Amino acid sequence: MFKRFCAVLFTALLVSSTLLAQTSTLAATPPMGWNSWNLFAGRVNDKDVRGAADAMVSSGMKDAGYIYVNIDDTWQGERDAQGVLQANSKFPDMKALADYVHSKGLKIGIYSGPGEKTCARYAGSLGHEEQDAKTYAAWGIDYLKYDLCSFRQNMMAEAPNDPAKQTQMMKDAYEKMHKALLATGRPIVYSFCQYGWDAVWEWGPSLGANLWRTTGDINPTWDRMTLIGFSQAGLSKYAGPGHWNDPDMLEVGNGKLTLDENRLHMSLWAILAAPLLAGNDLSKMPAETASILTNRDVIAIDQDPLGKQGDRVSEVGPVEIWAKPLQGGAKAVALFNRDDTALPITLKLSDVGFSGAAKAHDIWAAKDLGKLQGSYTVTVPRHGVVLLRLTK
Ligand code: GAL
């Protein structure tokens, strides 16, 4: 009897330590990939997702490190008599789609929420959490974005005048799906989407979040992108390997963002160690867009194994200097110009932790600047950035 008990205990410990190991190595660096929402919104279908996977490979995105092909809202159909959720007619065979994406050496993500309905009013997971997690695992899903949406109404209805109870309900709902995902035994990156409410960065990681949205939705405009990006100041201490702040997907290559604005967007997200989820049409990507999304030196900043998010060092009017610690004592330093005209910006090396001198590489100019002494002044274009890698 005692021997049996020990054997069961041993197996249980082994299983839970394996699951724990899986969660801690999941998203060891910020997830990179593509998501359907910014481009297709509610129109996304099987063919679009296969096309995105194809283009991820042919465009060089995969080689640059982009791995996840994520289906956002509007894939869901009806539940069958047993409650098992089916995809709708836009996705005739989800397992075959996942197999296809995997055959390209990529991973596949999906979208749901804790409410009865998602934001686009498709079926959510309320009351079917374990079932849905099992369905995702059976299809071969590797990533779940879980969007609060209509669950907000449940919170308001059940605890109209009790914000603390509402928050607790939200936490419980996110944790419930985490447990359901763990129980499948399949490593599935878990992305919280509740727009940064109730300081999610403080509690998200303990409830299983590998990443959590810190803001409302991005759109491809200068104002929205910079409002979101620069509002991340102060959040660096919450991020680390396996758990990341998510200022929303990239809009590089979307809308009317200029070359400099796209470079600023990509640089800021890299300094933030943000997930890099492209949202543009990968199959028709101009060379300029591809060169920004696949810039190896910028990606290396985002993906640095130290896993430290960068933060603001100074802000004087439209000029902001941000820095991110990198492995081996190096630093990424971004000189941002949010003004409508070009401006000279001066970096004092001592402000970013280098006393005296530092070797510098200008990443977008792809140029070594040699050894800098004391300070460095450079003209930064309007709505632009100079991104430097500094080493001793
Ligand atoms: C929003 C979410 C977007 C997108 C959309 C789909 O709540 O922030 O990223 O997923 O729902 O309906």
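The values are calculated or read from the model by the stated rules, or taken from the named source; none is laboratory data. These numbers come from a predicted model, not from an experiment. Methodologically, a virtual Cβ is constructed for each residue, glycine included, from the backbone with ideal geometry; neighbour enumeration extends over all protein chains shown. These area figures cover heavy atoms from the full protein model, side chains too; ligands, DNA and RNA do not enter into them. Shrake-Rupley method; radii C 1.70, N 1.55, O 1.52, S 1.80 Å.
Scanning segment 109-140 for residues that are in contact with a Gly (Cβ under 7 Å, 6 or more places away or on another chain) and more than 21 Å from residue 204 (Cα to Cα), which turns out nearest to the ligand (Cβ to nearest atom)?
It comes out as 120.
When residues of segment 215-238 are filtered for being within 12 Å of the ligand (Cβ to nearest atom) and under 21 Å from residue 321 (Cβ atoms), how many remain?
The qualifying residues number 1.
Just wondering, is there one or more residues in segment 132-145 that are open to solvent by 40 Å² or more (accessible area, probe 1.4 Å) and over 23 Å from residue 33 (Cα atoms)?
yes
Please give the strands (runs of 3 or more DSSP E) falling wholly within segment 298-378 in which 2 or more residues are of a type in the set (Val, Ile, Thr) and at pLDDT 95 or above.
The qualifying strands (runs of 3 or more DSSP E) are 311-316, 319-325, 343-348.
Output the residue which, of all residues in segment 55-74 that are touching a Lys or Arg at 6+ places or on another chain (Cβ under 9 Å) and open to solvent by 40 Å² or more (accessible area, probe 1.4 Å), is farthest from residue 248 (Cα to Cα).
57
Show the residue pairs that are 6+ apart or on different chains and have beta-carbon atoms under 6 Å apart, the first residue being within segment 284-309 and over 18 Å from residue 57 (Cβ atoms), the second being open to solvent by 80 Å² or more (accessible area, probe 1.4 Å).
Hits for this filter: 304/327; 305/327; 306/327.
Pairs please, first residue from segment 63-76 and away from the ligand (no atom under 16 Å from the Cβ), second anywhere and assigned to a loop (DSSP other than H, G, I, E, B), Cβ atoms under 7 Å, 6+ apart in sequence or on different chains.
Partner pairs satisfying both residue conditions: 64/294; 65/303; 67/106.
Can you pull out every residue in segment 23-54 that is open to solvent by 40 Å² or more (accessible area, probe 1.4 Å), away from the ligand (no atom under 15 Å from the Cβ) and within 26 Å of residue 121 (Cβ to Cβ)?
If the condition is that a residue be open to solvent by 40 Å² or more (accessible area, probe 1.4 Å), away from the ligand (no atom under 15 Å from the Cβ) and within 26 Å of residue 121 (Cβ to Cβ), then 45, 47, 50 are the ones that fit.
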